[in-house]
Amino acid sequence: MKAFLASLAVLIAGSVLFFKATDGLQALTAEGARRLAVQREAPMVSSFMLETMKGSAEPLPGAPGKAVMVEFIYTTCPTICQSAGGDMARLRDLVIAEGLGDRVRLFSVSFDPDVDDVSHLARYGELHHADGEVWTIARPTVNDLPALLKAFGVVVIKGDPDTFGGYEHNTAIHVISPTGQLSSIVDTDDFDGALEALKRTLS
Amino acid sequence: MIKAKHQPQEAAVKFTMLLAGVVLLLMMVFGFIMRAAQGGMIEIDQALFYQIMTAHGAGMVGTAGLTGISILWYFTGRYVPLLAGVFWTFLGLFLTGVVLILGSIFIGGYAGAWTFLFPLPAMSGGFWSNEAAATFLLGYIFIGVAFLLLHLEIARKLIAAYGSIGGALAWPLAFGNGRAENAPPPTVVAAMASTLFNVMGIVVGATVLVSSLVNLMIPDFAVNALLAKNMIFFFGHVFINASIYMAVIAVYEILPEYLGKPWKTTRPFAIAWTMVFLFVLAVYPHHLLQDVAMPAWALIMGQVVSYLSGIPLLAVTAFSLLVYLRQSRVMYWDLASALLVLGVAGWSIGSAPAIIDGMIAVNKVMHNTQWVPGHFHIYLLLGEVAITFGFMAWLVKDPREKGLNILDLAGFAVYLLGGVGFTLMFLISGALSVPRRWAVHVPEWFLQDRLATGFALLVILGALLFVVSYAQGLRKKRTR
Amino acid sequence: MKPPSYLVAILVVGFCFALRIPLEADPVSHILVQLPLLAWSGVLITPNGTGRRSEWNRGGVATLLVAFFTIIFWMLPRSIDAVLSSPTMELAKFITLPFGVGAPLAIGWARAHPLLRGIIKAEVVSMLGVLAFLYIHAPVRICNAYLVSDQHRLGYGFLFLALGLSVFWIAPLFIVHTKRAVMPTKTPATA
């Protein structure tokens, strides 16, 4: 009987711990936890000054009353990650088609500002048909970079030799509400999810 | 005959066999309903057809495993002391699994077949929820753990009594200079070999079950479909084969009482069982001959081993049985001995269509036809299940009576006729390229479907007689 | 002379701590070397026969469950990610693995019924298989701190560990122990 009670106690305590540690079985990975936390808490994002592909300065989050969609990139990606540019262009087209073009700003922000100077940003923008009006490519200052990545929960690590000197990071589209709250994080190819999240923050 | 050193757990096994008998009847009724629906004789919802098919498949594999291991447990208990509590725990876990499976099918609507092939459980097209599929898989996990428990108890006792796995497999006799009179009895060899491969099957099965479960809950964790199929068929093939290899122990233990001569472990017997062990593990790719992405060597191995795998044990068991039967001067027939001999015959004959289907060239056309159910229904209906009913008849046999009474004879005749006719209809339909697993048949296929429905009724009638006479026997034995 | 086991334990923990940066740089050495070593240190500091008589831990079930849940916690990819970004979690790892996995495992295993041990071994092999299966094929990155290619290598690590353990556990059963073969049921063939 004692043994049964002890085992039962461990079983209950262990299950509660597991439940807590996974946010109620919803997030097993750090990336899942990040997305869940953002959805629940919608934290404020402090303002960062970016330099765009046209050389102008622009704050992130952007102008008041405008929602923002941000992804993090590096323009020198030699492999598959270039497809992120195509995805972002597609998202831009969808946003315009929905008639939301003047209510949202799309950013592709480089996490490699050392290498990605304005000319790199411009070349990347040209390659993927970034217009600069709805969607622009930008970079933070080298000093701001760690705080910026931390604010969004992005982890960047150096890839192995197979990736030709590239990086790996948790790629995603981050949706910021007009009030400057990080409200949703979705996969870069999840266009429906991104649009839905955008509409939620605008309504 | 063979001097029992220990007392088998009779009550537990008798109770289990009663349960199994009732479930077998239910499964036969399911089969009857499906054949009648295919023959256009009754109208059932197609979703329900696939639910019944899933329940029939999972239920038959489970019951075959249950009866096989009960036979093994009963007779192994003659040679080594087995813990009774382990069997009751096994039965509790097994029945929990059955409840989960039945719930997932008939309440949750799961109808993805007993093989739970990825990605079908996760892609029901709205017919069932992920939770229903997960419940089904969870039910399997319960049953897997239950079997693992029994096998571990058996393995540990056999290893303790015979020194090592090799000792229990009679390796000194098979490959060394051991002497036949020192070799362990056939039951021990069979129990050790089937325990070994069933544990391997279950461990692999648990891996793919839990992976599928994780995939259902978190779709981001994808499963490699081809690897999953390999693992599922390895597990499924081993498990269903193990059921008949375990059941055949009843033949080794019971028939000697009729033959007046013990079944002996000979060198060919010992070698055969070790080869069976290897073949059962290696033959499963013959289920994947249509998967073009499989490496050629695996498919060729599947074909070659499937040629070979029938030979050693069948030759040793079926051939020995023939010799024993010819030599014996005291052999007599009653329900138990008749069903056991039928079981060996059905098992031998059932391997023929299997070997034919195991040829790559044939398989390309035949595998998705009713030829395949034809083969495994011979194996089960006229093999494993016949042995099971024979074992049940023996359990309640009245030692004062020798021979077949009229009811036994009627049951046996009806069962045999029904079984042969029923399986023949599958084979004929298969040869005519009638697809398997189709809820709706075209009128051109109705003839065999309807004949099979009639034969199914005969099988049910025969089985009903067996089960009723078993239940009566249990009561009589208690009052005696 | 054999050094006392607590000394070995201290050395093992010290090794894991001193080399934590290189060990944790690669998920294979992090998960398949450092974590098991820390758990092993817990086994080392547990004197033989600890809690042998406790009624609360009959059959070792309660302590085995403690070890089970602690292992489950550290199997969560987010726990591993957290270790790399939070010193508190790193400290928690160095404490809970010896005391939450190694020690309870040692206490529970000594009292566990042979059947329970068998079941646990079989489950360990299957679950390592599950991990291998998922890590080799997962199309998503499981840990933010590690590369996808690392993840694949870890998957193969799990696979080899599963195979190694099955051989390690099964092989001895083929070796004849004369001590075992004493049951007088029938002269064992191996005699």
Cut-off 12 Å, label 7 Å out along Cα→Cβ of residue A:127, residues of the range A:47-78 by amide N: A:74-78
Cα-based helix-to-principal-axis angle, B:84-102 vs chain B, degrees rounded to 10: 20 degrees
Whole-angstrom gap from the range B:402-442 to the range B:133-196, using each part's C-alpha centre: 33 Å
More than 45 Å apart - percent of Cα-Cα pairs taken over chain B: 8 percent
Where only alpha carbons of the range A:45-202 are counted, the Rg and the Dmax (Å): 14.4, 44
Projected label distance in nm at residue B:180 and residue A:150, using a 7 Å step from Cα toward the beta-carbon: 8.3 nm
On Cα atoms only, tilt of B:46-76 relative to the major axis of chain B in degrees: 20 degrees
Counted charge near residue A:32, where neighbours are those whose Cβ lies closer than 13 Å (Asp, Glu -1; Lys, Arg +1): 0
Share, in percent, of DSSP beta bridges within the protein assembly as shown that are antiparallel, nearest 5: 60 percent
Of C:157, C:129, C:118, the one that fluctuates the most in a GNM where chain C has Cα springs shorter than 10 Å: C:118
Solitary cysteines of the protein assembly as shown, where the nearest other Cys Cβ is not under 4.7 Å: C:16, C:143
Other-chain or far-sequence residues with amide H under 5 Å of residue A:167's (modelled H): A:159
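Treat the count of other C-beta atoms within 10 Å as a stand-in for reagent exposure and order B:444, B:153 from fewest to most.
The fewest-first ordering by Cβ neighbours comes to B:444, B:153.
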Nearby aspartates and glutamates by direct alpha-carbon distance to residue B:229 (threshold 18 angstrom, same-chain neighbours under 8 apart not counted): B:291
Positive-end residue of B:447, B:132, B:70, charge dipole of the range B:10-479 with Cβ unit charges: B:70
Fraction of antiparallel bridges per DSSP, the range A:45-202 only, in percent to nearest 5: 60 percent
Counted charge near residue C:114, where neighbours are those whose Cβ lies closer than 12 Å (Asp, Glu -1; Lys, Arg +1): +4
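Calculated from DSSP H runs of 4 or more alone, at -39500 (n - 2.57) each and per residue, what is the 222 nm mean residue ellipticity of chain B, nearest 500?
Counting only the DSSP helices, I get -24000 deg cm²/dmol.
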3J(HN,Hα) from dihedral phi, the range B:409-425, Karplus parametrisation 6.51/-1.76/1.60, rounded to Hz, x for glycine, proline: 4, 4, x, 4, 5, 5, 5, 5, 4, x, x, 5, x, 4, 6, 4, 4
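In the structure shown, do any of B:157/C:121; A:66/A:199; B:5/B:157; B:264/B:476; B:14/B:402; A:150/A:199 have a Cα-Cα gap over 23 Å, and if so which?
B:264/B:476; A:150/A:199
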Descending principal axes extents, the protein assembly as shown, alpha-carbon based, whole Å: 106, 83, 49
FRET efficiency estimate (nearest 0.05) - Cβ-Cβ, residue B:123 to residue A:118, R0 51 angstrom: 0.60
In nm, spacing of pseudo-spin labels at residue A:100 and residue C:171 (7 Å Cα→C-beta vector): 6.1 nm
Kyte-Doolittle at least 1.0, axis length at least 27 Å by Cα - qualifying DSSP helices, chain A: A:2-21
Modelled FRET efficiency - R0 30 Å, residue A:20 with residue C:149, Cβ distances, 0.05 increments: 0.40
Relative contact order (%) - chain A, alpha-carbon pairs under 8 angstrom, separation at least six: 26 percent
Derived scalar couplings ³J(HN,Hα) [the range B:439-453; Karplus, 6.51 cos²θ - 1.76 cosθ + 1.60; whole Hz; x for Gly, Pro]: 6, 10, 10, 7, x, 4, 9, 4, 4, 5, 4, 6, 4, 4, 4
Vicinal HN-Hα couplings computed from phi for the range C:84-90 (Karplus, 6.51 cos²θ - 1.76 cosθ + 1.60; Hz; Gly/Pro x): 7, 10, 10, x, 4, 5, 4
Paired Rg and Dmax values of the range A:51-94, which use every Cα atom, in angstrom: 12.6, 37
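Throughout, read-outs are computed from the coordinates displayed, never taken from laboratory work. Since the model is a prediction, treat every value here as computed from it, not as a measurement. Heads up, the Cβs are rebuilt from the backbone with ideal geometry, glycines too, and the neighbour counts pull from every protein chain shown.
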